[in-house]
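Enquirer: Submitted below is the structure of interest, expressed as structure tokens.
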Amino acid sequence: MEKVNHGSIGVFDSGYGGISVLANLIEAMPGESFVFLSDSKHAPYGELAPGRVLEHTMHSLEYLKDLSVDAVVIACNTATSAAVEVLRETFAFPIIGMEPAVKPAVKKGASSRILVAATALTLKESKFAALMESIGDQHEIVRLPCHGLVDQIEKYGPESTEVDKKIEELLEPYKSFQFDGVVLGCTHYVLIKNQWQKKFPKDTVIYDGNEGTVRQTIRMLKKQSRSISFQGPAKVCLMDSSQSIERLIKSKNLLLKQLQNNGEIALEQLQIELRKTNELCEFGKHNPSIWHTANSK
Ligand code: DGL
């Protein structure tokens, strides 16, 4: 039997990148309530040791657990690589992780040359090695650890000239290469998909793991016999470990922009709450929240 009285769906990332996944989740399930938590206080995760990423991710999921979420989407390839197995052993709710979309990018029955852009940590972890093994060795997979890119996106915003320059710099050694596909294996890079696309010939397909993650989330919820609401308005609560309300407003604007660009849902039907988390370690102590309607500045 389907459970009808349900809680929210938690979505977690180190920073702004998870907003790209959140937008796709809202579009797929426009009657649901979502709690988005970013841990910008400790971002970028991709430059940290795996043990630190595990620690910060555990901490953040403890916080989400305290908010009685029904499931958590780890909207971060890096945190998934470093932590998903331990998280699944620790928490009772379903945890949906992400991986670079290499499988959909490689040609079946032929060899392909694919560029995988991700954080250094994602590319170094055993999860990525297992992914490489699963696709076989007829493909040429070029790994591009994008040192500094998440940091620039966090600091200057996705559409800044600093970010554009950084992508240019990272791709410099591959100028003469031809790729059959490019995989954006970090949710932050999905926010700047257009900038990536402009650096390659028009017919180069850019892949990301967002849609696959949304499908997997729906599958997991159904497996739990949890009903899914498709009738709006969607409710979204945005939280960040930095305690900065300016940052939350930026997250809100980024979310609205993503939704507007995708054009799938009516923005005025969206309810957005910005909430300070206090220190993430003080579980259960939440500051009063501030409500924003989708079109307030
Ligand atoms: N959005 C994260 C990912 O998908 C970025 C990691 C970071 O904070 O470096 O990997």
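Rule-based calculations on the coordinates, nothing more; no lab input. Just so we're clear, the structure is a prediction, and the values are computed from it rather than from any experiment. Cβ coordinates were reconstructed from backbone atoms using ideal geometry, including for glycine residues, and neighbour counts include every protein chain displayed.
Enquirer: Counting DSSP beta bridges in the chain, what percent are antiparallel, to the nearest 5? Numbers along the way, then the final one.
Expert: Values: 4 of 42 bridges.
The antiparallel fraction comes to roughly 10 percent.
Enquirer: So, one more: Considering only the other residues whose Cβ falls under 11 Å of the Cβ of ILE74, what net charge follows from Lys and Arg at +1 and Asp and Glu at -1?
Expert: Numbers: positive: ARG88; negative: ASP13, GLU99.
My count for the surroundings of ILE74 gives -1.
Enquirer: While we're on this one: Provide the packing ranking of 9-17, 22-30, i.e. peptides ordered by the mean count of other C-beta atoms within 10 Å per residue, highest first. If you can, show how the numbers build up before the last one.
Expert: Details: 9-17: 27.9, 22-30: 22.0.
With the highest mean Cβ count within 10 Å placed first, the list reads 9-17, 22-30.
Enquirer: Same structure, new question: Suppose we keep just the alpha-carbon trace of the chain; what are its Rg and Dmax in angstrom?
Expert: 18.5, 57
Enquirer: Can you give me the distance in nm between label points at ARG52 and LYS222, each placed 7 Å from the Cα along the Cα-to-Cβ direction?
Expert: Result for the modelled spin labels: 4.1 nm.
Enquirer: So how far, in whole Å, is the C-alpha centre of the range 122-201 from the one of the range 18-48?
Expert: The two parts, judged by their Cα centres, are 19 Å apart.
Enquirer: Still on this structure, I have one more. To the nearest 20 debye, what is the magnitude of the charge dipole of the chain about its Cα centre, counting +1 on the Cβ of each Lys and Arg and -1 on the Cβ of each Asp and Glu?
Expert: Numbers: 34 positive and 36 negative charges, 90 e Å.
The calculated dipole for the chain is roughly 440 debye.
Enquirer: Would you please name the chymotrypsin sites (Phe, Trp or Tyr not before Pro) within the range 179-230 that are DSSP coil residues with at most 12 other C-beta atoms within 10 Å of their C-beta? Could the numbers behind the result be given before it?
Expert: Working: sites: PHE179, TYR189, TRP196, TYR207, PHE230; in loops: PHE179, PHE230.
Qualifying residues, ordered by number: PHE230.
Enquirer: Skipping prolines and chain starts, which residues have an amide H placed within reach, meaning under 5 Å, of the one on TYR207, given they are 5 or more residues away or on another chain?
Expert: Those lying under 5 Å, H to H, from TYR207 are VAL182, VAL183, LEU184.
Enquirer: Could you size up the charge dipole of the range 182-267 around its Cα centre, putting +1 on the beta carbon of Lys and Arg and -1 on that of Asp and Glu, and report it in debye to the nearest 20?
Expert: On the way: 14 positive and 6 negative charges, 32 e Å.
The calculated dipole for the range 182-267 is roughly 160 debye.
Enquirer: Right, here's the next one. Kindly provide the trypsin sites (Lys or Arg not before Pro) of the range 198-263 that DSSP labels as loop, not H, G, I, E or B, and whose Cβ sees at most 12 other Cβ atoms within 10 Å. All intermediate terms of the calculation are to be shown ahead of the outcome.
Expert: Working: sites: LYS198, LYS199, LYS202, ARG215, ARG219, LYS222, LYS223, ARG226, LYS235, ARG247, LYS250, LYS252, LYS257; in loops: LYS199, LYS202.
Passing sites in the range 198-263 are LYS202.
Enquirer: Follow-up. Which links in LYS41/LYS165; LYS103/LYS276; LYS108/LYS252; LYS41/LYS257 stretch past 29 Å when you go from one Cα to the other? Don't jump to the answer; show the numbers that get you there.
Expert: Numbers: LYS41/LYS165 25 Å; LYS103/LYS276 38 Å; LYS108/LYS252 40 Å; LYS41/LYS257 23 Å.
Cα-Cα > 29 Å for LYS103/LYS276; LYS108/LYS252; rest within.
Enquirer: Note down, for the range 43-96, the three equivalent ellipsoid semi-axes (square root of 5 times each alpha carbon gyration tensor eigenvalue), biggest first, whole angstrom. Walk me through the numbers before you get to the answer.
Expert: On the way: eigenvalues 69, 22, 19 Å².
Ellipsoid semi-axes (Å, largest first): 19, 11, 10.
Enquirer: Identify, among ALA43, LEU221, GLN243, the residue whose Cα sits farthest towards the positive end of the charge dipole of the chain, taking +1 on the Cβ of Lys and Arg and -1 on the Cβ of Asp and Glu, with the dipole about the Cα centre.
Expert: The listed residue farthest towards the positive side: LEU221.
Enquirer: Here's a follow-up. Can you pull out the trypsin sites (Lys or Arg not before Pro) in the range 145-185 that DSSP calls coil and that have at most 15 other Cβ atoms within 10 Å?
Expert: Working: sites: LYS155, LYS165, LYS166, LYS175; in loops: LYS175.
Those satisfying the criteria are LYS175.
Enquirer: Could you give the size of the charge dipole of the range 92-182 about its Cα centre, using +1 on the Cβ of each K and R and -1 on the Cβ of each D and E, expressed in debye and rounded to the nearest 20? Working shown, then result.
Expert: Details: 11 positive and 14 negative charges, 66 e Å.
Value, rounded to 20: 320 debye.
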